[in-house]
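Enquirer: I'd like to ask you about the structure that follows.
The values are calculated or read from the model by the stated rules, or taken from the named source; none is laboratory data. Values in this document were obtained by computation on a predicted structure and should not be read as measured data. Neighbour counts are summed over all protein chains in view; Cβ atoms, including those assigned to glycine, are modelled from backbone coordinates with ideal geometry. These accessible areas exclude ligands, DNA and RNA; they are computed on the full protein's heavy atoms, side chains included. Shrake-Rupley method; radii C 1.70, N 1.55, O 1.52, S 1.80 Å.
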Amino acid sequence: MHISSFNKTRVFNMVLASLIIIYTVYLLSLFDLRFYTTVYRVTYPLVFEYMASEQYDTLFPIVISIFIYLIMDVKIGSVYSIISITLVLFALFIGEGFILNIVALATLPSFIFTAMVVLPCKTKIDVLKLLSSILTILVVFEFIVMLTWLSYTILNGNVYEGYHWAFARTETAVFYIMGSISPILALLILFAYLYKPAIPILISAYSSLIGYIRRRITRHNSEISINPIYNTRLTKDDRSLYNFSFYSPLSFLLNNSQHIFIAALILSILFAYYPYLPTINPAMENISVDVIYYIQGINEMTVDNSGINISKAFTISNGDRPLSLLFMLAIYNMINVFGNIELSVALRFMPLVLAPLLTYVVYRFTITLYTNKFIAAMASLLTIFSYHFIVGIYAGFFANWLALIVMYATLTLLLMYIRTGRILHLLYMFLCLEVVMLLHVYTWTYLIAGLLLFTLVTLIVYKLVGKKEQDVGIDLKRYIFILLIVAASVFIDIARAEVLNVFSGVETNVILADKGVGYEQFLARWNNLKYTFTTYVGGYFTNVPLLLLTLIWIIRANIKTVEDRLILSMIYIGSFAVIFGDYVIQTRIFYNLPLHIAGAAGISMLLASYIHQDYDKTLIKRRGDRSMLLLLVSMLFLLVMVNYTLRALSNLVFRF
């Protein structure tokens, strides 16, 4: 009897969770919400009108609500079921869909009324278990969608056509409808410096309120409140105490982070080739916009039969990416050793080289940043599931991609110098800074601005905190040397421009600013931001899970630590693009933002709640339920980002 009751409760939670999910999606479909999506490389607006079909959508919530009442085994449920079935049959008979919509809309409100007013003793709902059921269903749903996109590489046909695309079609619509809040999330992230100082006060007030409520509730209860300790590694005592089956996978991941990193490297190569699979791109067409410009630049360098004119690379396009052109030419010549391959074909597969390189350097940088292999492994994984990878392939930002790789190497050396004070690290950092300038001058400008802001914020923190707090660990001499290195890099850029008779990096950005930065863009800043996220470059900056994880990290970030201060400074640079830049400027700057690293730290914060400081065994079960929710949320976010990547890669080829 006990087992039967337990199973009945689980079934009830799952069915109710299904009703909540389907009812929510059904409501979205009723409002005919418009969203932008990219299908076969064309971005255009669509209207979310139905899930499976207009005929059957209304029946889903009705059937599920009847099933819920049958599980409850109450008289009012029988009455509700009879009325619902009668109305459905009547509506189908006269062919009037309006009646079906009324019955469908009444399903969830009627259950809530029954549960809270009519029969509260019969419908005791465990909120944590209900949330767990909702998240479990969503995780399974996203997994099915992932299988659908993977099957597209095997089955013939067009995307979103046929009933087997129903889940993927619905997921895409909901993803982009929810993506309409991406500009708002971006504002909260980029302008966090405006409200972040007030967060500790709000958290303190919230904690006091929760503490007061708990004391009132548990006055006659012996339970002790729970305080999580944020640690991402399980000790032997933790493993023996929390001996639940769902802890095993997490323990494996936390203590074997190298498996996540290896998976990220493998996926970076597989996904880089994914758009050129025969079933997706049978004609092997170019899918990267800027490839044609790289071909023109390399052809200018090799126009003479005498050989390669290396100096020409430093004057093409005002010398804004000479090393990138030389690197691509070197890759092309290496490939030609194994056979005669056209330049256009070789450049199409540049992501096969760039993706694993960026994945690796992000991993090494994050280890240096947080000395935590799990966060580093997650950062490398999110690199593949973020706009850095998708927009890089879609737009062909190969020079920008190369500069990003060296930029993270530069920031790694910066951290090593700040912590050790070794001049050798400073010199290597200076060399890398110059390489970034020669790879992509616009990324170099972003890096220079980030370093200046980082130094300025550090000086402000030093001034406000004072010398008494030794944990801040600020050595002003080292930051003065960093400023000297930045000044030297700017001087070399100006000297390079004078010698080669080209525009300097500063002049190039000023010219770009004249076109895309100004008072007009300030007035149109919301429209620019919305266009950047929803439409430009395929709308692939829309990635709500990544933005939410970044926001979670920003709220918890501590600007007094050099690690968080560096990432915050590099992110805050994007706020200037929002205020004064058009969508082109915003795209170039947003592409450089380290949101995937902040997101990895955010997901680590969620999973870290698996470890608790309080070892009261009477509360283990409850803690397990709460921790399971966080694990399911993390799994859901990751699966949504996987489907974001697969959906984007499957629609990069233009079809007539």
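Enquirer: In this structure, does SER575 turn out to be out of contact with any Cys (no Cβ under 9 Å at 6 or more places or on another chain), among the small types (Gly, Ala, Ser) and within 26 Å of PHE397 (Cα to Cα)? Outline the logic, then answer.
Expert: Values: out of contact with any Cys (no Cβ under 9 Å at 6 or more places or on another chain): yes; among the small types (Gly, Ala, Ser): yes; within 26 Å of PHE397 (Cα to Cα): yes.
So SER575 fits the description; yes.
Enquirer: Kindly provide the set of residues from the range 118-144 that are under 19 Å from TYR23 (Cβ atoms), open to solvent by 30 Å² or more (accessible area, probe 1.4 Å) and modelled with pLDDT under 80, ordered by number.
Expert: ILE125
Enquirer: Restricting attention to the range 533-570, which residues are within 21 Å of GLY392 (Cβ to Cβ) and under 14 Å from the mean Cα position of the chain (by Cα)? So that I can check it myself, show each step before the final result.
Expert: Of the residues in the range 533-570, the ones within 21 Å of GLY392 (Cβ to Cβ) are 533-547, 549-550, 567, 570.
Of everything in the range 533-570, those that are within 21 Å of GLY392 (Cβ to Cβ) and under 14 Å from the mean Cα position of the chain (by Cα) turn out to be PHE533, GLY539, TYR540, PHE541, THR542, ASN543, VAL544, PRO545, LEU546, LEU547, LEU549, THR550.
Residue by residue, here is whether (1) part of a helix (DSSP H, G or I); (2) in contact (Cβ under 8 Å) with a residue 40 or more places away in the chain holds:
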position: MET146; (1), (2): yes, yes
position: LEU150; (1), (2): yes, yes
position: TYR160; (1), (2): no, yes
position: ILE177; (1), (2): yes, yes
position: LEU188; (1), (2): yes, yes
position: TYR206; (1), (2): yes, no
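Enquirer: Is it true that LEU630 is in a helix (DSSP H, G or I), over 29 Å from TYR446 (Cβ atoms) and at pLDDT below 90? Spell out the reasoning first.
Expert: Working: in a helix (DSSP H, G or I): yes; over 29 Å from TYR446 (Cβ atoms): yes; at pLDDT below 90: yes.
So LEU630 passes the test.
Enquirer: Does the range 255-289 hold any residues that are closer than 14 Å to THR383 by Cβ and either touching a residue at least 60 places away in the same chain (Cβ under 8 Å) or not in a helix (DSSP H, G or I) (or both), and which are they?
Expert: Hits for the range 255-289 are ILE260, PHE261, ALA263, ALA264, LEU265, LEU267, SER268, ILE269, PHE271, ALA272.
Enquirer: If you don't mind, there's one more thing I want to ask. Are any of the residues in the range 366-380 buried (at least 24 other Cβ atoms within 10 Å of the Cβ), under 20 Å from ASN286 (Cα atoms) and among the aliphatic types (A, V, I, L, M)?
Expert: No: zero hits.
Enquirer: Answer yes or no: is there a residue in the range 334-344 that is open to solvent by 70 Å² or more (accessible area, probe 1.4 Å) and in a helix (DSSP H, G or I). Explain how you work it out, then say what you get.
Expert: Initially, the range 334-344 is screened for residues open to solvent by 70 Å² or more (accessible area, probe 1.4 Å), giving 334, 337-338, 340, 342.
Filter once more, keeping what is in a helix (DSSP H, G or I): 334.
Checking the range 334-344: at least one residue is open to solvent by 70 Å² or more (accessible area, probe 1.4 Å) and in a helix (DSSP H, G or I).
Enquirer: Quickly run through the range 27-49 and pick out the residues that are open to solvent by 60 Å² or more (accessible area, probe 1.4 Å) and under 21 Å from the mean Cα position of the chain (by Cα).
Expert: Hit for the range 27-49 is TYR36, nothing else.
Enquirer: Can you name the number of the only condition in (1) modelled with pLDDT of 90 or more; (2) loosely packed, with under 12 Cβ neighbours inside 10 Å that ASN158 fails?
Expert: Here ASN158 meets the rest and fails (1).
Enquirer: Still on this structure: Could you say whether any residue in the range 26-45 is assigned to a helix (DSSP H, G or I), touching a Pro at 6+ places or on another chain (Cβ under 9 Å) and modelled with pLDDT of 70 or more?
Expert: Filtering the range 26-45 down to residues assigned to a helix (DSSP H, G or I) leaves 26-30.
Now drop any that are not touching a Pro at 6+ places or on another chain (Cβ under 9 Å), which leaves 26.
Imposing the further condition that a residue be modelled with pLDDT of 70 or more reduces the set to 26.
Yes, because at least one residue in the range 26-45 is assigned to a helix (DSSP H, G or I), touching a Pro at 6+ places or on another chain (Cβ under 9 Å) and modelled with pLDDT of 70 or more.
Enquirer: If I filter the range 295-313 for residues that are assigned to a helix (DSSP H, G or I), touching a Phe, Trp or Tyr at 6+ places or on another chain (Cβ under 6 Å) and over 30 Å from TYR40 (Cβ atoms), do I get at least one hit? Let's see the steps before the verdict.
Expert: Here is the first cut: in the range 295-313, the residues assigned to a helix (DSSP H, G or I) are 295-301, 310-313.
Those left that are additionally touching a Phe, Trp or Tyr at 6+ places or on another chain (Cβ under 6 Å): none.
No.
Enquirer: Let me ask another. State which residue is least open to solvent (accessible area, probe 1.4 Å) when the search covers only the range 523-533 and only residues that are farther than 13 Å from VAL391 by Cα and assigned to a helix (DSSP H, G or I). Working first, answer last.
Expert: Of the range 523-533, the ones farther than 13 Å from VAL391 by Cα are 523-531.
From what is left, the residues that are assigned to a helix (DSSP H, G or I) are 523, 525-531.
On the way: LEU523: 115, ARG525: 91, TRP526: 111, ASN527: 105, ASN528: 17, LEU529: 2, LYS530: 102, TYR531: 87 Å².
Taking the candidates together, the pick is LEU529.
Enquirer: Out of (1) under 24 Å from ILE494 (Cα atoms); (2) in contact with a Phe, Trp or Tyr (Cβ under 9 Å, 6 or more places away or on another chain); (3) open to solvent by 20 Å² or more (accessible area, probe 1.4 Å); (4) not small (Gly, Ala, Ser), the odd one out for ASP320 is which?
Expert: Looking at each condition in turn, ASP320 falls short on (3).
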